[in-house]
Amino acid sequence: MEQAEIWMNQGIEFAVEYGPKILGAILIYIIGSWVIKNLLKGVRKMMAKGTYDLSLQRFLVNMLAWALKALLVIIVISTLGVNVTTFAAIIGAAGLAVGLALQGSLSNFAGGVLIMIFKPYRIGDLIEAQGVLGSVKEIEIFTTKLITPQNKLAIVPNGVLANGNIINYTTEGKMRVDTVVGVGYGEDIKQTKDVLLQVLTSNPKVLKEPAPSVNVSELADSSVNFAVRPFCKPEDYWSVYFSTVEGCKLALDQAGIEIPYPHQVEIQKKG
C-alpha cells in the first residue's frame, strides 16, 4: 500500500512538473505545423505570381519546408526543458557520423543544387539519363521524378544526374524521328522517295521547318533502304513515329511498290 502511494505521489509530482511543458510542447507543435503549412502555401502563391521557374519554385519550397520543420522541432525540444546548446552539440556529433554514413545523400543534395543552378532540364522536359527516358515530373532535394512513356514513375538520384550525361529532347523544341523503310531493288528510287515524302508532308504533326527528308541510306542484301526523317515537337514523337511507319506501308502498297520479305518456296518431290 505504501509503495502504491509512493508511485502515486511520484506520478503527481511528474505531472505537476512536466505536464505543463508537455502540453505546451504539443500545443506549439500543432500551432507551428499549422503556421508552416499556411506559410508554405503563401510562398507558393507568391512565387506563382512572379517569374520564378516552376522547378526552382518547388525546390525552394521543399528546402524551406525542411528548414522550418527542423526549427519547429528545436523549439518543441527547448519547451520540454532540454538544453538546446547541449542538444545542438549532440546533434552536431550525430550529424557528422550520419553524414559520413550518408555520403550518397549529401551528393544527391549537392546534385540537386547544381541542377537548380545550371538548369540542364526543367519540369515538363523530356529527357534521357541513366538509361531512363521520361518527362520530368518533379525536381526534389535528393531525387528527380520522371514519367516514362509507359506511364511509370522513375526516381533518379540527383547526384548521378548532375555528374552524368543528360539528353534533353525539349530544349530545342523539336525532335527528329528516324525510321528506315526498305523496298525491292526493282523499284524506282525517285517514285519511292516521292511517295514516302508525301506521307510526311501530309502529316499535320510533322514540322515544315526543318523540312522532312527521305534519302537512300543503304543498299542491303535484299532491299534498298530509305532513311525517312520527319521533325516534330517532343510531345508528338510517338504519334509521328507510329503514323509514319503505318503511313509508309499503306502508301507503298497503294503505289504498287514492293516491300521485300522472306519468301518460302515449297518443293514437292515426285515419287
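The values are calculated or read from the model by the stated rules, or taken from the named source; none is laboratory data. Because the structure is a prediction, the values reported are computed rather than measured. Note: ideal-geometry Cβ built from the backbone for every residue, glycine included; neighbour counts use all protein chains shown.
Assorted remarks:
- Filtering the stretch 203-230 to residues that are buried (at least 18 other Cβ atoms within 10 Å of the Cβ) and part of a strand (DSSP E or B) leaves 214, 224, 226, 228, 229.
- From 177, 181, 214, residue being over 25 Å from residue 109 (Cβ atoms), within 30 Å of the chain's Cα centre (by Cα) and not hydroxyl-bearing (Ser, Thr, Tyr): 177
- Which numbered condition residue 243 fails, given (1) surrounded by 13 or more Cβ atoms within 10 Å (Cβ to Cβ); (2) more than 28 Å from residue 130 (Cβ to Cβ); (3) touching a residue at least 60 places away in the same chain (Cβ under 8 Å): (3)
- Residues in the stretch 102-134 that are farther than 26 Å from residue 64 by Cβ, free of Cβ contacts under 8 Å to residues at least 40 places away in the same chain and either surrounded by 13 or more Cβ atoms within 10 Å (Cβ to Cβ) or hydrophobic (A, V, I, L, M, F, W, C) (or both): 129, 130, 132, 133, 134.
- Among the residues of the stretch 173-205, the one identified as touching a strand residue (DSSP E or B) at 6+ places or on another chain (Cβ under 6 Å), without any contact (Cβ under 8 Å) to a residue 40 or more places away in the chain and under 30 Å from residue 122 (Cα atoms) is 205.
- Residue count for the stretch 217-240 under the criterion of being more than 22 Å from the chain's Cα centre (by Cα) and either at pLDDT below 95 or over 16 Å from residue 199 (Cα atoms) (or both): the result is 9.
- Checking 223, 213 one by one, the residue that is in the same structural domain as residue 180 (by TED's automatic domain parsing), among the small types (Gly, Ala, Ser) and without any contact (Cβ under 8 Å) to a residue 24 or more places away in the chain is 213 and no other.
- Qualifying residue in the stretch 185-193 (condition: touching a Ser or Thr at 6+ places or on another chain (Cβ under 8 Å) and assigned by TED's automatic domain parsing to the domain that holds residue 220): yes
- Restricting 76, 61, 82 to those that are at pLDDT 65 or above and not in a helix (DSSP H, G or I) reduces the list to 82.
- Test for residue 133: is it modelled with pLDDT under 95, closer than 18 Å to residue 241 by Cα and of a type outside the set (D, E, K, R): yes
- Filter pass, residue 162 being crowded, with 20+ Cβ neighbours inside 10 Å and over 20 Å from residue 62 (Cα atoms): no
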